[in-house]
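Derivation of every value follows stated rules applied to the coordinates shown; laboratory data play no part. Everything numeric here is computed off the predicted structure, so don't read it as measured data. Cβ coordinates were reconstructed from backbone atoms using ideal geometry, including for glycine residues, and neighbour counts include every protein chain displayed.
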Amino acid sequence: MDSVPSTDRGGVGYLPSAAETLMKLVVTGPFGVGKTTLIRTLSEIETLHTEETMTQAGAGLDDTAGLPEKTTTTVAVDFGRLTVQDDLVLYMFGTPGQERFLPLWEDIARGALGALVMVDTRRLGDSFAVMDLVEEQGLPYAVAVNRFPDAPAHPDEVLRKHLDLDPGTPLVQCDARERRGSIDALIALAEHALTRLPASQEPS
Amino acid sequence: MNPGPGRRLIPAYLVTGGRSAPSGPALDRLAVLIRTDTDLPTGTGAEQRRLCELLAPGALTVVECAAHLDLPAGATVFLATDLVASGHLRARPPIPRAGEIDRSLVERLLVGLRSLH
């Protein structure tokens, strides 16, 4: 059976020739929290994804009970691209926040500006492990509470308390389907990342 | 043989020819790949050919190539590294001065993000 070409030349968003500097950040959080939605809202190209295969010891993984010691997991990584200035392009990688995806995580997080940790107020507890993982990586992060229409609204300070957030960690409430709020979340992360960078050295 | 784009022809783990390291320093996932005007020799592998064809109209990062070719990023790094070594592709690091993220870069990012409001 002939397959439909996966490469539609009309749909390939080639990089503008002025794009000299490419930065990246990680969008993470539990499954179903809206990572891909946020990336789709912001991306100027159709959201892309790669399938990454990971082989690892299976011990301790509840979903591989009864299988041999090694298991292979395929993880889909969604990503998108946003040109913020003519020569400056930001890539956003949606990465699952589970510990078992750590090797993949390290690869994607290397050189990243920071992480946006997405939270669903109906299952705050699912985000704890994600925040732990990000902290272990030493990445600056901001928390983006995705305001699902049917989720109860809470004031920032209540959410901060329940998430046990450090006072310096930004928290933004947004709707991942809405562009302005999603950009605000990126701004909060970038501002926070800036505070963690050493003061610029005067060029000599 | 029809070298046109489509589903991958061989399993991803065979793309690397069974090697565990590429033929040069590993490329960053965000390295920008640019097709040179050097013709591919006959006998070039199908995956290498697909990558070069994808890049004929313009530049893309390694990870975007991986997505368009339906290959894992790691396998695409292998392919691209070999094609850079053979002169059929050029690769540009994502950040020009090969340095880390510095304040001026993040400040420019912030200016850009605020202008998108």
Check: Which order results if B:Ile34, A:Ile183 are arranged by neighbouring Cβ count within 10 Å, fewest first?
Finding: B:Ile34, A:Ile183
Next item on the list: Going by C-beta contacts inside 10 Å, put B:Val63, A:Val158, A:Val12 in order with the fewest on the left.
Entry: A:Val158, A:Val12, B:Val63
Checklist line | Exposure proxy order (Cβ contacts within 10 Å, fewest to most) of A:His192, A:His162 | finding: A:His162, A:His192
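Please report the projected area of region B:44-117's Cα convex hull averaged over all directions, in nm².
Details: hull surface 26.9 nm².
The Cα convex hull of region B:44-117, projected and averaged over all directions, gives 6.7 nm².
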Next item on the list: Amide H neighbours of A:Gln173 under 5 Å, at least 5 residues apart or on other chains, H built in the peptide plane: list them.
Entry: A:Val145
Note to self: How far apart, in nanometres, would the label points at A:Ala199 and B:Asp39 be if each is projected 7 angstrom from Cα along the Cα-to-Cβ direction?
What the structure shows: 6.1 nm
Margin query: Please compute the volume of the convex hull spanned by the alpha-carbon atoms of region A:87-204 and report it per residue in Å³.
Written below: 135 Å³
Notebook entry, point to check: On average, how many beta carbons from a partner chain sit within 10 Å of the beta carbon of a residue in A:11-21?
Noted result: 5
